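Presented below is the structure to which this report refers.
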Amino acid sequence: MLFSAPLAPLRLLAIPALLTLAACNDQPGPPPMQANVGVVTVQAQQLAMNQSLPGRTVAYMTSDVRPQVSGIIQKRLFTEGQDVKAGQVLYQIDPATAQAAYDNANGTLQQAQAAVLSAKPKAERYANLARLDAVSQQDLDDANATLRQNQAAVVAAQAALQTARINLDYTRITAPISGRISASTYTPGALVTASQTTALTTIQQLDPIYVDVTQSSSELLALRKQLASGALASLHGKVPVQIQLEDGSLYTQKGTLEFVGTAVDTSTGNVTLRALVPNPDKLLLPGMYVHAVLPVAVNNAAMLVPQGAVSRNTKGEATVKLVGADHKVIDRVVQTGDAIKDQWVISAGLKAGDQLVVEGGSKAQPGQTVATHPAATDTPAQANSASAVAGQQS
């Protein structure tokens, strides 16, 4: 009982403190911060649709060099792997036999010409005497026949001499075309025969050079259906071709499409296309594996968005975040097409004028009200120079 009196004032002092704490807890806290996202306006644009097709380079012209006369090779007059000009002497075959044949034919011609010189005056003299009835008609006919035989012998001798001259020229084997010459399969001292199956060497013209590529008939059919439906617009004029090398780099020289196959290969189901490409530095060699990038059509209503703005949901579907007119975030499923550098071509799910979230999307949830600002990035409208790859084979 002695200690109960002092405790009462302490209880009275604690009551106001508790009331003060309760009043503080009833006051509302600061409002939550509103997310701020960067957006771009989706715009339709014109986009060239390209197609990358695998292929091989082929020499513009190829010539196998073979001898046309038999003999022993005396000299090889070119450097292997170097460029040669048409008409340049490549090999010298021993000309002794051909020279002798030529000299013999020349002598035969001179004999025939001498016989004509003897027979012609006699025939003319007999013709004058026959008008005077000084010689018989038979003698005149014999003189004329002898002259004609000798003249025919001259013609035959001239042909034989021309043949001998050709064979003599063939002992100097020349380049039939200009181009780069390969290694020689024969050395001086080797015996070669006329029209042998083994070539002495091969010349290939490398500038320009062909690129033969293949396209599946199914891809060609799908492309034509898109063109027929109006989804794509065709390109007119000569089709340019860009060559992609084996290391992925682009060849500096652009070519043109020169030929499109008129039939489908039944064993592969492919159609062959041929492009002609300048090759002044001889960088492209026959047989190289390349890709030919051809513009095949134009998409007049392409939608391009940055790849970072596209994510995947739990179903694996491609989704983007949009900001509606009420400043609320919308999660929308889209269909992605080809990749153009750091952008996706959207084939379905977007329309022109949509506000696409490209910055701060991880902080905004669907249905949340957000503040927006123009994103500091290239917008799809700035990608007009991009070109889509419609199909690629390896």
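Six or more apart or on different chains, Cβ under 8 Å: which pairs go from a residue in region 176-192 that's over 12 Å from Thr62 (Cβ atoms) to one that's part of a loop (DSSP other than H, G, I, E, B) and of a type in the set (Val, Ile, Thr)? Could you list them?
That search, which allows pairs on different chains as well, returns Thr185/Thr198.
Quick grid of which residues meet (1) polar (S, T, N, Q); (2) under 14 Å from Ile72 (Cβ atoms); (3) more than 40 Å from the chain's Cα centre (by Cα); (4) not in a helix (DSSP H, G or I):
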site: Gln162; (1), (2), (3), (4): yes, no, yes, no
site: Asn167; (1), (2), (3), (4): yes, no, yes, no
site: Ile173; (1), (2), (3), (4): no, yes, no, yes
site: Pro176; (1), (2), (3), (4): no, no, no, yes
site: Ala183; (1), (2), (3), (4): no, no, no, yes
site: Thr187; (1), (2), (3), (4): yes, yes, no, yes
site: Ser195; (1), (2), (3), (4): yes, no, no, yes
site: Thr198; (1), (2), (3), (4): yes, no, no, yes
site: Thr202; (1), (2), (3), (4): yes, no, no, yes
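Check Ala143 against each of (1) under 60 Å from the mean Cα position of the chain (by Cα); (2) buried (at least 17 other Cβ atoms within 10 Å of the Cβ) and name the one condition it does not meet.
Going through the list (1) under 60 Å from the mean Cα position of the chain (by Cα); (2) buried (at least 17 other Cβ atoms within 10 Å of the Cβ), Ala143 breaks only (1).
Give me the pairs: first residue in region 316-330 and within 15 Å of Val40 (Cα to Cα) and part of a loop (DSSP other than H, G, I, E, B), second residue hydrophobic (A, V, I, L, M, F, W, C) and modelled with pLDDT under 90, beta-carbon distance under 7 Å, and six or more apart or on different chains, which are they?
If the second residue must be hydrophobic (A, V, I, L, M, F, W, C) and modelled with pLDDT under 90, the pairs left are Gly324/Ile330; His327/Val370.
For Ala114, work out the one condition from (1) of a type in the set (Gly, Ala, Ser); (2) within 21 Å of Ile166 (Cα to Cα); (3) without any contact (Cβ under 8 Å) to a residue 12 or more places away in the chain it doesn't fulfil.
All conditions pass for Ala114, except number (2).
Might you let me know whether region 76-97 holds any residue that is part of a helix (DSSP H, G or I) and at pLDDT 85 or above?
yes
Against the condition surrounded by fewer than 16 Cβ atoms within 10 Å (Cβ to Cβ) and of a type outside the set (A, V, I, L, M, F, W, C), how does Ser178 come out, does it pass?
no
Among all residue pairs at least 6 apart or on different chains, which show Cβ distances below 8 Å where the first residue, located in region 63-86, is among the small types (Gly, Ala, Ser) and the second is surrounded by fewer than 16 Cβ atoms within 10 Å (Cβ to Cβ) and in a strand (DSSP E or B)?
Short answer, once both residue conditions are applied: Ser70/Leu191; Gly71/Leu191.
Take Ala156 and decide whether it is closer than 25 Å to Lys75 by Cβ and not assigned by TED's automatic domain parsing to the domain that holds Leu283.
Criteria not met by Ala156.
Can you confirm whether Gly324 is under 30 Å from Thr57 (Cα atoms) and surrounded by fewer than 14 Cβ atoms within 10 Å (Cβ to Cβ)? Break it down stepwise before answering.
Numbers: under 30 Å from Thr57 (Cα atoms): no; surrounded by fewer than 14 Cβ atoms within 10 Å (Cβ to Cβ): yes.
Here the answer is no, as Gly324 does not meet what is asked.
The values are calculated or read from the model by the stated rules, or taken from the named source; none is laboratory data. Bear in mind that the values here come from a model prediction, so they are computed numbers and not experimental data. Glycine also receives a Cβ, built like all others from the backbone with ideal geometry; neighbour counts cover every protein chain displayed.
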